[in-house]
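Participant: One structure, pasted below without further comment.
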Amino acid sequence: MNAEVGEESAREPRQFATTRWSLILSAANSESGEQEARTALDELCRTYWRPVFSFICRRGYSMEDAQDLTQDFFVKILGRNWLEHADRNRGRFRSLLLTSLQNFLVNAAERTHTRKRGGDMEFISWDDWMAEAPSQLSISPHALDSLPAERLFDLRWATTVVEQALRRLREECEGKDRLRLFYALSRHLTEERDEVSYADLSAALGVAETVVRKQLHIMRQRYRCLLRDEVAHTVENSADVEEEIRYLCAALAAATA
C-alpha cells in the first residue's frame, strides 16, 4: 500500500451515497433504510474487528479478557442508539470507532465482571476469527510489540484495508481462472518498476515479458480501484478518501520500514 493508490482514474467514478458508512450516517436518525444501515454497520464491524482486538490487547488485557471486551464492544456498537450518541463530526469510521473504544474501556474493569462476551449475544465465533488466513503483509515483530495502542490500531486498520482489497482481487482472478497469475503478480502490486524482475516472472509464467508487463499493469490498476473502494466504505464523502488513503499508507510504511 503506497502513495500510488491515491491516483484516481476518470474511468472509476464513485457513488458515495451507496457506501456503507455514508449509508449508516444517513439512516442514523430516520426509520427509512434502518435495516439496511444496520446490516452495513454489522459488515463493517465484522471486517474491522482485528484493530479493536489489537488495541485492547495492547492496553494490557489478557487474551481472554480482550476477547470478552471485543465482543462486548461490538454488541454496543451494533445497538440501536450508538450513532445517536456518537460524535457525528467525525466523518471516518476508523476515527469514530477508536474514540468509542477508548471511551468504552474507561469502565472496562466493571464491564468485564458484569458481562461476558456480550451477555446472551455473541457477535461472531472466535474460532471463525482466529481461523482466518495470516496476514500477507510483512510487519516487523518490533512494530507489533512496541507501537502505542493508537498506532497499532491504525496499523491493523491499514493492513485490513489492504487485505480486503487483495481478497477481492484474488476472488476476481479465481472467477476468471487466473489464480496462478494472481499468486505470481500480487506480491509486486506496490513495487517500483525497477524492483520487478520481468524476466523472472516471464520464465515462471511461461509467457513473454510484454505480456507480464501488461498483466501486472492491469492488475495494479484493479488493485488500486478495489483499495480505494474499501476506503470509500469507511468515510462519509469523497473528499475524505484521498486523505484517508495517504494516512493509512503512512501508518503502514512506518511500521513495515
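The values are calculated or read from the model by the stated rules, or taken from the named source; none is laboratory data. Model, not experiment: these values are computed from the prediction. Quick reminder, even Gly has a Cβ in these numbers, built from the backbone with ideal geometry, and neighbours come from all protein chains shown.
Participant: Checking the condition more than 18 Å from the chain's Cα centre (by Cα), modelled with pLDDT under 65 and more than 27 Å from Leu252 (Cβ to Cβ), which residue from Glu31, Glu12 passes?
Facilitator: Working: Glu12 fails: more than 27 Å from Leu252 (Cβ to Cβ).
Testing whether each residue is more than 18 Å from the chain's Cα centre (by Cα), modelled with pLDDT under 65 and more than 27 Å from Leu252 (Cβ to Cβ) leaves just Glu31.
Participant: Within the group Tyr198, Tyr183, which residue is of a type in the set (Phe, Trp, Tyr) and surrounded by fewer than 16 Cβ atoms within 10 Å (Cβ to Cβ)? Walk me through how you get there before you give the answer.
Facilitator: Working: Tyr198 fails: surrounded by fewer than 16 Cβ atoms within 10 Å (Cβ to Cβ).
Exactly one residue qualifies, and that residue is Tyr183.
Participant: Follow-up question, since we're still on this one. Kindly indicate which of Val211, Val162 is surrounded by fewer than 18 Cβ atoms within 10 Å (Cβ to Cβ) and touching a helix residue (DSSP H, G or I) at 6+ places or on another chain (Cβ under 9 Å).
Facilitator: Val211
Participant: Here is a check on your reading of the model: is Arg213 free of Cβ contacts under 8 Å to residues at least 60 places away in the same chain, farther than 25 Å from Ala253 by Cα and assigned to a helix (DSSP H, G or I)? Spell out the reasoning first.
Facilitator: On the way: free of Cβ contacts under 8 Å to residues at least 60 places away in the same chain: yes; farther than 25 Å from Ala253 by Cα: yes; assigned to a helix (DSSP H, G or I): yes.
Criteria met by Arg213.
Participant: Moving to a separate point now. Of all the residues that make up the stretch 76-110, how many are within 27 Å of Ala232 (Cβ to Cβ), of a type outside the set (Lys, Arg) and either assigned to a helix (DSSP H, G or I) or modelled with pLDDT of 90 or more (or both)? Working first, answer last.
Facilitator: Narrowing the stretch 76-110 to residues within 27 Å of Ala232 (Cβ to Cβ): 76-104.
Keeping just the survivors that are of a type outside the set (Lys, Arg) gives 77-79, 81-87, 89, 91, 93, 95-104.
Right, trim to either assigned to a helix (DSSP H, G or I) or modelled with pLDDT of 90 or more (or both) and you get 77, 82-85, 93, 95-104.
Summing the residues that are within 27 Å of Ala232 (Cβ to Cβ), of a type outside the set (Lys, Arg) and either assigned to a helix (DSSP H, G or I) or modelled with pLDDT of 90 or more (or both) in the stretch 76-110 gives 16.
Participant: Exactly one of (1) within 17 Å of the chain's Cα centre (by Cα); (2) under 25 Å from Glu172 (Cα atoms) is unmet by Gln221. Its number?
Facilitator: Every condition holds for Gln221 apart from (1).
Participant: Exactly one condition in (1) outside any loop (DSSP other than H, G, I, E, B); (2) closer than 27 Å to Val231 by Cβ; (3) touching a helix residue (DSSP H, G or I) at 6+ places or on another chain (Cβ under 8 Å); (4) modelled with pLDDT under 90 is false for Ser54; which is it?
Facilitator: Unmet condition: (4).
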